[in-house]
Amino acid sequence: MYSTTYHRPSTVEEAVALFAKGSDAKYLAGGHTLLPVMKQRLTAPSDVIDIARIPALIGIEASADTLTIKAATTYVDIVNSADVKRTIPAIAHLTSVVGDPAVRARGTIGGSVATNDPSADYPAAVLALNATIKTNKRSIAAEDFFKGLFATALDENEIITAISFPIPAKAGYSKMRNPASRFALTGVFVVQTKSGEIRVAATGASQNGVMRVPAIEAALKANWSASALDGVKISDEGLMADIHGSSDYRANLIKVMAQRAVTAAG
Amino acid sequence: MGVEGIGASVVRKEDRRFITGKGRYVDDIKVQGMTFAHFVRSPHAHAKVKGIDATAAKKMPGVVDVLTGQQIVDDKIGNLICGWAVHSKDGSAMKMGAWPAMAPETVRFVGQAVAVVIAETKNQARDAAEAVVVDYEELPSAHHISMAIAPGAPQLHPEAPGNIVYDWEIGDEAAVKDAFSKAANVVSFELVNNRLVPNAMEPRAALAEYNEAEEHFTLYTTSQNPHVARLVLSAFYNVAPENKLRVVAPDVGGGFGSKIFIYPEEMVALWASKKVRRPVKWTGDRNEAFLTDAHGRDHISKAEMAFDKDNKILGLRVKTHANFGAYMSLFSSSVPTYLYATLLSGQYNIPAIHAEVIGVYTNSTPVDAYRGAGRPEACYLLERLMETAARQLKVDPAELRRKNFITSFPHQTPVIMAYDVGDFGASLDAAMKAADYAGFPARKAKAKSEGKLRGMGMSCYIEACGIAPSKAVGSLGAGVGLWESAEVRVNPVGTIEILTGSHSHGQGHETTFAQLVADRLGIPISQVSIVHGDTDKVQFGMGTYGSRSAAVGMSAIFKAMEKVESKAKKIAAHLLEASEGDIVIENGEFKVTGTDKSIALPMVALAAYTAHNLPDGMEPGLKEGAFYDPTNFTFPAGSYICELEVDPGTGKTSFVNFVAVDDFGRLINPMIVEGQVHGGLVQGIGQAILEAAVYDDTGQLVTASFMDYAMPRADDVPSFKLSHTTTLCPGNPLGVKGCGEAGAIGASAAVINAITDAIGNNKLEMPATPDRVWHAIPGNA
């Protein structure tokens, strides 16, 4: 690791000011992507601003229609949250299969969503649930937020403060783990909203990061059941291929994980 | 046995310091004036080194010096050696290219060192290493066997035309040809044994200190065999004479073979410590471990087996290409030959065997012994072949094996080994019972009705451990003898130190070796200390690998103990005014049998050292040494049965049951044996379904971190059902055979046999990842 200056601000405003002052500052919100890259000397931020300990960014709130998880809430707190389990248990389940206990103790939902790793779990939930990403500047709809691999609508010095999830009628997540990293080899989040809309998002599959899966959505709209997907054929065009999974395997996983997510959603 | 004697599951003495973080590893050792080394490594798989410019790096903060490969050559430091001479079938010596510790002219794998920066801190060394400018001229590379042996392939070493190190054979080719001509059935197939990265928990490290006043070096290093390291560093690399070099291997966090070898980095640290006149420490990081620790396996084989009309094996023909990587590591040449092809008879009566092994240079990390070393490759080939044969001949796989088991001992195989003892039928019976083999078809049908593909597979392995008679290995080309040494020191107060040439890096010797002493003298193990891993303390010894430390290392202790006991009995008899023949040792006392007269061990020890009242002519003291050279290999064997389910939607394998029945001869500490088997099984399962070192087309290691190299985790493996059958090894005084590698040898074939049974397709290579298994399910490809 190259030398860097570590900051631990206590407010978002302080964090933003520190970021502006640094010549090449980076926000740290758990660090599971940033720190390994820094250790390998592939990046050399002048300043690392740890926003994971800002009290205003931590906590979970639920109303009748919305579950709001503040950005620096750790995975373990999300897994254990009674509000999450009651309102959108699929998010609790998704979080429980992120990484391992050490990862879940440090990682934060805001950090994951801001990074937009193409194999991360949360983007699938955010996109499928049509969540709103709240920042220190504005609110961004999930559809407008994810912009491809590791790219988002966030400005350079913009901090996610919370993510608000509309509480659906039904939701489920199923994930095939990468055997080495335990990221999603492919993960699918399925949602039936209270108004009856079907939204399905897959992570770990597309070369462009998290994506909606219209073929699955159409089939589920006609018939919300796992067997409704039996005949669906997912094209492997544009899907990732690596040593852990070829593109046709991932295409198969989109369907199989969607079926299992529907079963889990009930 | 006593409560802490042979056969007792005593809690490991060493674990308290390990699990409380108090182990003392190389990187924990700090000396005055210590500097830090960081290596400049090749980013290319094959390139000419046209120039190295360290001008800027030398001016960086904290930099003590930058040393290059040419300086090593100029200082007449020797090239790395391969210590086992293997000859091609035409009688020619193996064709080895030179391996300088840092490449002065050509780099041949990604990660090969070309220079080293020595600086005041680790980070300063790393910073400066980035400022060393190396001018490379890239060359075409060949990282895979098929690329390296193709016509027109890039030539790695001028000494090895066509990148062939040797073309070796064993067995009787004509007899095999004859057997095949008489065959009623021939079963043949091709298979790959995937390349693995050892991944010991502690990366390699070295701390070298040069004492100018005494012209003496000390090297703390992560070694499984510090004396061999000293010998090689002295005799072949000319870094320091043996009497001026102390090698210490303190606590070492796992090896699995990878720490047997003498690597460039440790040697450079030693050389550099004199060059810069400062102690030099190098601690590899995980990425360096992936790139530079000797890898394991990496074979491509074609095998054919001939059967008569009654399904008795008539002959076996094997042709294997073994990937050695870019250079010949210390024992690499012996692994795919004398440690592999000599085990191709397995547990079976095979009248004729012929194996040809072609060793190939490629632009990849050197390959050498890794847990099992050759024997897992042999077992995997043979047990996959037996399963394939059973399927092709439509016979029960257990019955086919049983029909061909060797049942009378000793048994001379056609490939050197003379099996001393065993009962293969007993372990297979026990495994089938424990696995409820008979009930499997019903379970398979039930699983099918639930949408799962259930499979069962077995593997009946044999291995040769406790290597081995020095004369025998010498005749096969080994550059060293493979005996072991021990010294037993009874202190004047009756406590005991055992100095052993074995080295413990996870095996628990501090406990098991003490149990032997406790057993013989009837004293608690707390009175016994095991001293190992320091060439200044311990007499020359050969170290720990190949499951040899119980069979060979403990036998040396046994012999030394006999001498100590004999002398102590003479002293006791003298003091008790009894006949030596009447003295028995019980509960730490020397007793005159049939009387109530006795004297405690501490009193005998004290008498030995005060020497006030010893038998006439007896030397004072109570300390004896022994060297033990085995008369044969030992032959642990067993049967493993794996039952699993494949998820047809994802190809993911889930274990239902894993039964391992091993015959290790006498068990010293059953709990430690169980732990060894667990670890071995996990590595075997890891090879079968998870692990693979993968290179891309340009020779870059794609799996150079745990993000891509799938190490088994606890939830990837089942709870194991272990048991033992016992035939005592007649070749050593303890009757032990060795248990360190069995799991890694036997597990892979059982797993792949089970998966291929589950999916109904025999064509499946390791690692059987979900992707591969899903594609292999008929209809999915």
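Along chain A, the longest continuous region that contains none of the GluC sites (Glu not before Pro) in a DSSP loop with at most 11 other C-beta atoms within 10 Å is A:1-155. At 222 nm, what value in deg cm²/dmol follows for chain A if DSSP H runs of at least 4 each add -39500 (n - 2.57) and the sum is divided by all its residues, to the nearest 500? When only DSSP H runs of four or more count, the value is -8500 deg cm²/dmol. Each helix, a run of at least 4 DSSP H residues, gives -39500 (n - 2.57); summed and divided by the residues of chain B, these come to -8000 deg cm²/dmol at 222 nm.
In plain terms, the chain from residue B:495 to residue B:577 could stretch by 27.1 nm, reckoned as 0.36 nm per residue minus the Cα-Cα distance. Each of A:187, A:173, A:257 was scored by the projection of its Cα onto the charge dipole of the range A:170-265, and the greatest displacement toward the positive side belongs to A:173; charges sit on the C-beta of Lys, Arg, Asp and Glu.
The calculated FRET efficiency for residue B:15 paired with residue B:90, based on their beta-carbon distance and R0 = 56 Å, is about 0.60. At full extension, residue B:175 and residue B:192 could sit 3.5 nm farther apart than now, given 0.36 nm per residue minus the alpha carbon distance.
Here's the picture: a label point sits 7 Å out from the Cα of residue A:151 along the beta-carbon direction, and within the range A:88-126 the residues with their amide nitrogen under 19 Å of it are A:113-120, A:123-124.
If R0 equals 30 Å, the separation of the Cβ atoms of residue B:780 and residue A:169 corresponds to a calculated FRET efficiency of about 0.30.
Surface burial for B against A, with a 1.4 Å probe and both sides summed, reaches about 1900 Å² of accessible area.
Inter-chain Cβ neighbour count for A:178-185, averaged per residue, equals 6 (cutoff 10 Å, partner chain atoms only). To the nearest ten degrees, helix A:12-21 and the longest principal axis of the Cα atoms of chain A are 60 degrees apart. Cα centroid separation, the range A:1-75 to the range B:491-559: 53 Å. The angle between the Cα long axis of helix A:247-265 and the main principal axis of chain A comes to about 80°, on a 0 to 90 degree scale. Taking a straight line from the alpha carbon of residue B:567, these lysines sit under 22 Å away, with near neighbours fewer than eight places off in the same chain left out: B:559, B:591, B:597, B:623. Rg over Rh for chain A works out to 0.97, both radii taken from alpha-carbon positions and Rh defined as the Kirkwood radius. Phi angles of the range B:487-494 translate, via the Karplus equation with coefficients 6.51, -1.76, 1.60 and θ = phi - 60°, into HN-Hα couplings of 9, 10, 10, 8, 6, x, 9, x Hz per residue; Gly and Pro are given as x. In summary, the aspartates and glutamates within cross-link reach of residue B:444, defined as a Cα separation below 20 angstrom excluding same-chain residues under 8 places away, comprise B:387, B:396, B:399, B:436, B:643, B:645, B:647, B:757. Only protein atoms count toward the accessible area here, which uses a 1.4 Å probe; on the protein assembly as shown, the carbon and sulfur part of that area reaches 52 percent. Each part reduced to its alpha carbon centroid, the range B:207-226 and the range B:602-637 end up 31 Å apart.
For the residues of B:762-771, the average number of beta carbons from a partner chain within 10 Å of their own beta carbon is 3. Phi angles across the range B:372-384 convert, under the Karplus curve 6.51 cos²θ - 1.76 cosθ + 1.60 with θ = phi - 60°, into 3J(HN,Hα) values of x, 6, x, 6, x, 5, 5, 5, 4, 4, 5, 6, 5 Hz, Gly and Pro given as x.
Taking a straight Cα-Cα cut-off under 23 Å and skipping sequence neighbours fewer than 8 places away in the same chain, the lysines within cross-link reach of residue B:59 are B:50, B:122, B:274, B:275, B:281.
Using the Cβ-Cβ distance between residue A:40 and residue A:64 with R0 set to 41 Å, the FRET efficiency works out to roughly 0.30. Its Cα gyration tensor gives the protein assembly as shown an equivalent ellipsoid; the semi-axes, largest first and in whole Å, are 51, 37, 31. Coupling constants for the range B:273-286 follow from the phi torsions by the Karplus curve (6.51 cos²θ - 1.76 cosθ + 1.60, θ = phi - 60°), and in residue order they are 5, 7, 4, 9, 6, 9, x, 10, 10, 10, 10, x, 9, 5 Hz; glycine and proline get x.
Against the empirical curve 2.2 N^0.38 Å, the C-alpha radius of gyration of the range B:483-628 lands at a ratio of 1.06.
Among the GluC sites (Glu not before Pro) in the range B:484-593, those placed in a DSSP loop whose Cβ has at most 15 other Cβ atoms within 10 Å are B:577. For the cross-link pairs A:70/A:170; B:448/B:763; B:30/B:95; A:21/A:134; B:95/B:403; B:537/B:721, which exceed 31 Å when the distance is taken from alpha carbon to alpha carbon? Correct reply: B:30/B:95; B:95/B:403; B:537/B:721. Take the alpha-carbon centre of the range B:394-444, take the same for the range B:718-758, and report the distance between them in whole Å. Each part's Cα centre sits 12 Å from the other's. Per residue of B:281-287, other chain Cβ atoms within 10 Å of the residue Cβ number 1 on average. Under the combined filter of DSSP loop state and at most 12 neighbouring Cβ atoms within 10 Å, the range B:693-781 retains these trypsin sites (Lys or Arg not before Pro): B:763. The mean accessible area for residues of the protein assembly as shown, using a 1.4 Å probe and ignoring ligands and nucleic acids, is 36 Å² per residue.
The values are calculated or read from the model by the stated rules, or taken from the named source; none is laboratory data. Since the model is a prediction, treat every value here as computed from it, not as a measurement. A quick note on method: Cβ atoms are made from the backbone with ideal geometry, for glycine too, and the neighbour counts reach across all protein chains shown. All accessible areas refer to the heavy atoms of the entire protein, side chains included, with ligands and DNA or RNA removed. Shrake-Rupley method; radii C 1.70, N 1.55, O 1.52, S 1.80 Å.
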